[in-house]
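What follows is one structure encoded as structure tokens, with my remarks underneath.
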Amino acid sequence: MTRAISSQQLTEPSLLRLAGLPYFLIAFIARLPFAMMVVGVLTVVVSARGSLSLGGLTSAAVGLGTACFGPLLGAAADRFGQRVVLVSLALANGTMLLLFTAVVYGTASDGFVLLAAVGIGATAPQVAPLSRSRLVTLISERMPESRRAKTVSGTMAYESAADETVFVFGPFFVGILASAIAPWAPLVGAAVLTIVFVGAFALHPSGRHVSQERDIDGKALSAVSELFRPQLLIVVLGILGVGIFFGTMLTSLTSFMADRGAPEQAGLLYGVMGVGSAILALGVAWLPPAFSLRARWLVFSGILFSGSLLLGFVTSPATMALALAIMGIGIGPTLVTQYSFGAARSPRGRSATVMTMLGSGVIVGQSIGAAVAGELAENVGTSAALLLPMIAAFIAFAAGVANWVLSGSGTRRAAAAV
């Protein structure tokens, strides 16, 4: 019996075989422009206009554009398919990045700079959430039911680790291009990467696949109102808290290191949390099924919140690194768990919409968090700014507590199986 089962498992397709190795390489590189945009916009505005305040507002404007249009673009991908939407966005976003560069260096008013930044966010191709949606669809429709839960968990772990890696290297590439060529180079480079690799992601054979949970006209088999169920909105709130944490932590950390005369080392110190977070995010796939999703959210967000409380006592880069390392244990697995809940609770035929809602939550949180933390650090001080990551971590933890309450026994069993 064991040999027969093993033989059957060998013939069952893996996700790598279903999607193909080129898919994962293309999808990884196609994320880079999105990770470069906010920092690239900040860099070029500060250089060309000489205003750190305008730079922060412009970065927030990118997040505003993503917040307003990201979920709508996800809905369009669900309705018309990812291919046509992504090809259009690749061209539109590449154009907006180049247009923004021209506007910043031109004589246009600051208002036009902010408007162009909103355009960048509004046309941003959110490759990460659309990749999650595409892979979850492949898993749910083309893999044996017995393997779906573990494969979805592993996929969310990989996707979150890929996001973490990209958001560490994205700003790094911005710094290299800006230093080696000019401040405008990161945005031009992001435009080229967007057109080439987002276009390749759109044209990949998997982009032709349309969910079976859509009718002949492309309409979803679920009502729009299902997107506003408390069980799904609490996941959006939780992931917004994670996004705010990312934005406030990096900005307040930069202020902390600037007080010590080494602001350029903030990125290196931040990597202590980012690298550990990515590794532990991958490790979520090996957690036992008995460790349910709702329990994981509570445990890992609790670790994140506990680690954030140490920020009130840091006095040196060494103690800051310790706090960041502890927070890194919690942040990656929390993000993976939240995306897993998003996949499990997506209404039929609306997975891309849900994933872009979650992806937008991260970016919006980052933008708002960075803008608020920057103002607070500049006008009040670093100690005040370091309170913000604690508040953000508490939001993620409190959402986990609310999710525990909202997850009834039936929902718990379904979520634990994902």
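The values are calculated or read from the model by the stated rules, or taken from the named source; none is laboratory data. Predicted model, so just to flag it, every value in this text is computed and none were measured. Here Cβ is always computed from backbone atoms with ideal geometry, including for glycine, and neighbour counts include all displayed protein chains. All accessible areas refer to the heavy atoms of the entire protein, side chains included, with ligands and DNA or RNA removed. Shrake-Rupley method; radii C 1.70, N 1.55, O 1.52, S 1.80 Å.
When the solvent-accessible surface of protein heavy atoms is calculated with a 1.4 angstrom probe, in what order do R79, R260, R134 fall, highest first?
Heavy-atom accessible area, descending, gives R260, R79, R134.
Suppose every Lys and Arg Cβ carries +1 and every Asp and Glu Cβ carries -1, with no other charges. What dipole size does the chain come out with about its Cα centre, to the nearest 20 debye?
1260
Within the chain, what whole-number % of the accessible surface is contributed by carbon and sulfur, with the 1.4 Å probe and all protein chains included in the calculation?
Answer for the chain is 71 percent, counting heavy atoms of protein chains only.
Rounding to the nearest 10 and keeping the result within 0 to 90°, find how far the Cα-based axis of helix 2-11 lies from the longest principal axis of the chain.
That helix lies at roughly 50 degrees to the long axis.
Sum -39500 (n - 2.57) across every DSSP H segment of at least 4 residues in the chain, then divide by the residue count to get the 222 nm mean residue ellipticity, nearest 500.
After summing the helix terms and dividing by residue count, I get -26500 deg cm²/dmol.
Please name which of S47, T66, V198 has its Cα lying farthest along the dipole of the chain towards the positive end, using unit charges on Cβ (Lys, Arg +1; Asp, Glu -1) and the Cα centre as origin.
V198
On a 0 to 90° scale, report how tilted helix 351-379 is relative to the longest principal axis of the chain, with both axes built from alpha carbons and the result rounded to the nearest 10.
It is inclined by approximately 20 degrees.
How high is the relative contact order of the stretch 64-214, given as a whole-number percent (alpha carbon pairs under 8 Å, six or more residues apart)?
39
Kindly give the semi-axes, whole Å and largest first, of the ellipsoid equivalent to the stretch 50-92, taking each as the square root of 5 times a Cα gyration tensor eigenvalue.
Here the semi-axes work out to 29, 11, 4 Å.
Leaving out ligands and nucleic acids, note down the accessible area per residue over the stretch 69-169 with a 1.4 angstrom probe, in whole Å².
38
For the stretch 1-150, report the % of Cα-Cα distances exceeding 17 Å.
In whole percent, the share of Cα-Cα pairs in the stretch 1-150 beyond 17 Å is 67.
Contact order normalised by length for the chain, with contacts defined as Cα pairs under 8 Å and 6 or more residues apart; what percent is it?
Relative contact order, the chain: 26 percent.
Helix 317-344 versus the longest principal axis of the chain: what angle, 0 to 90°, nearest 10, using Cα atoms?
Long axis of 317-344 versus the principal axis of the chain: about 40 degrees.
Show me the three semi-axes of the equivalent ellipsoid for the stretch 110-152, from the C-alpha gyration tensor (sqrt of 5 times each eigenvalue), largest first, rounded to whole Å.
39, 7, 4
Quick check: the distance between the Cα centres of the stretch 161-189 and the stretch 127-155, to the nearest angstrom?
30
So how do 197-205, 374-382 stack up, highest first, on mean other-Cβ count within 10 Å?
Ranked by mean Cβ neighbours within 10 Å, highest first: 197-205, 374-382.
Would you indicate which of (i) 88, 50, 43; (ii) 68, 46, 40; (iii) 84, 52, 38 is the value of Cα extents along the principal axes in Å derived from the coordinates of this structure?
Entry (ii).
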